[in-house]
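The values are calculated or read from the model by the stated rules, or taken from the named source; none is laboratory data. Just so it is clear, the structure is predicted and the values come from calculations on it, not from any experiment. Every residue, glycine as well, gets a Cβ built from its backbone with ideal geometry; the counts of neighbours run over all protein chains shown.
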Amino acid sequence: MKRLQRLLLTAIALLMLLAAPAWAQRGNWFPGSNLRDSHEVRAAFQSLVAASDAATVRVVCAGRDAVLGTIVGSDGWIVTKYSELRDPVVCRFRDGRQLPAKVVGYDPAFDLAMLKVEATGLKTVDWSDDEHGPAVGQLLATASPGDLPLAVGVVSVPERAIPSRPGWLGIRFDGVSKPKIQEIMSRSPAEQAGLKVDDLIVQLNDKPVDDSGEFVELIRKCKPGDVVHLLVDRGKDELNITATLKRSDEVGMASRSDRMNEMGGALSYRSFSFPSVIQHDTVLRPADCGGPLVDLSGKVVGINIARAGRTESYAAPADKVRKLLADLESGRLAPTDPLPGTKQAMTTGTSSPADKQIEDKKADDKIPSADKKPDDKKAAS
């Protein structure tokens, strides 16, 4: 009887999804501004995702909801999305418990992290064993720590890789062969790092750079979030400058397609360069990634890892995630750098690193600054 009821509810939900475009075109009213996310549709999937809901937690970073987490080990092992994390990390469970978590593993390919909390007897997800993954057009639901799934969507395209997106520094050269800066973009990584017009870039990551074209090609091979080390010739000063590359759309340099994608809401900071993904049209917030993606059999087919477009979300396929679990739990893949959100919070300041270098150099050389009168006794000696 329960199986028949479940199938009936699923059929009703499917009919609502299929009818939505027609209702919208006719201008008729239908309950819920987004039918797929309406209470009625999500309730139809409640029994299907109940087990996965029980294995989903909310990951809180520095007091704010950051991402979801998926319980993969009953003794406190939780997989989540890495690039949204910052210290301190806490996992909030369905029963109200809030336990501090330690990041013990990081996989850069899928942007996944393994968290460890001190707990036992936790409910874990039930993985799908289908190596081919869900078919195009198949309905999927995103689990939540609550009573209903977060949202429902459809598989958009066959499983595929997502190419890398080039990092952006935010400078232009003067057109000659030498990599001499002609323009610094406002709010760019270059500006934040303290690069200035007329700076001549001598090295990139300890490699000599002879012309601007070579420098541009090297930067294009880097990803947003990568840290680059520059040796810069600035008149009498030679400076070592470190900059963290960004996406151009983060500071208003987005293309038309980027702006269209963002009309549906904020996108994940890391939404590119994945070896394999299940692409589905579920509308998720970046803070709702990291949780289980469930098929109509109630099995977990993937872990949501990115909101990439207006109707484009990515999940790491279950068979790929399961192969990573042992290494992520081992401690060998523990991150050595500060968590990504922590580094982003440290980028603001009143003076740039480059300015600080010049100030320190002037102090070492006992050169008085321009707006300070020299001490009479020192000037005479």
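Side notes on the structure shown:
- Residue match in segment 239-248 (condition: closer than 21 Å to residue 274 by Cα, outside any loop (DSSP other than H, G, I, E, B) and modelled with pLDDT under 85): yes
- When 159, 183 are checked against the criterion of being surrounded by fewer than 22 Cβ atoms within 10 Å (Cβ to Cβ) and touching a Gly at 6+ places or on another chain (Cβ under 6 Å), a single residue qualifies: 159.
- Condition met for residue 168 (aromatic (Phe, Trp, Tyr) and modelled with pLDDT of 95 or more): no
- Filter result (loosely packed, with under 13 Cβ neighbours inside 10 Å, at pLDDT 95 or above and at positive phi) within segment 93-123: 121
- Unmet criterion (only one of (1) under 27 Å from residue 340 (Cβ atoms); (2) touching a helix residue (DSSP H, G or I) at 6+ places or on another chain (Cβ under 7 Å); (3) modelled with pLDDT under 95) for residue 163: (2)
- Within segment 131-146, none of the residues are outside any loop (DSSP other than H, G, I, E, B), within 18 Å of residue 55 (Cβ to Cβ) and modelled with pLDDT under 95.
- Neighbours by Cβ (under 6 Å, 6+ apart or cross-chain): first from segment 316-340, outside any helix (DSSP H, G or I); second surrounded by fewer than 14 Cβ atoms within 10 Å (Cβ to Cβ): 333/327; 339/87
- Top-ranked residue of segment 43-92 - restricted to ones that are among the aromatic types (Phe, Trp, Tyr) and modelled with pLDDT of 95 or more, ranked as surrounded by the most Cβ atoms within 10 Å (Cβ to Cβ): 82
- Among the conditions (1) without any contact (Cβ under 8 Å) to a residue 60 or more places away in the chain; (2) outside any loop (DSSP other than H, G, I, E, B); (3) within 30 Å of residue 295 (Cβ to Cβ), residue 154 misses just one, which is (1).
- Selection of segment 46-92 for residues being in contact with a helix residue (DSSP H, G or I) (Cβ under 9 Å, 6 or more places away or on another chain) and farther than 23 Å from residue 301 by Cα yields 61, 62, 64, 65, 85, 86, 87.
- Residue match in segment 354-376 (condition: surrounded by 11 or more Cβ atoms within 10 Å (Cβ to Cβ), in contact with a helix residue (DSSP H, G or I) (Cβ under 9 Å, 6 or more places away or on another chain) and at pLDDT 55 or above): yes
- For the condition touching a residue at least 24 places away in the same chain (Cβ under 8 Å), out of contact with any strand residue (DSSP E or B) (no Cβ under 6 Å at 6 or more places or on another chain) and within 18 Å of residue 125 (Cβ to Cβ), residue 299 qualifies.
- Segment 314-336, residues that are farther than 16 Å from residue 273 by Cβ and under 16 Å from the mean Cα position of the chain (by Cα): 335
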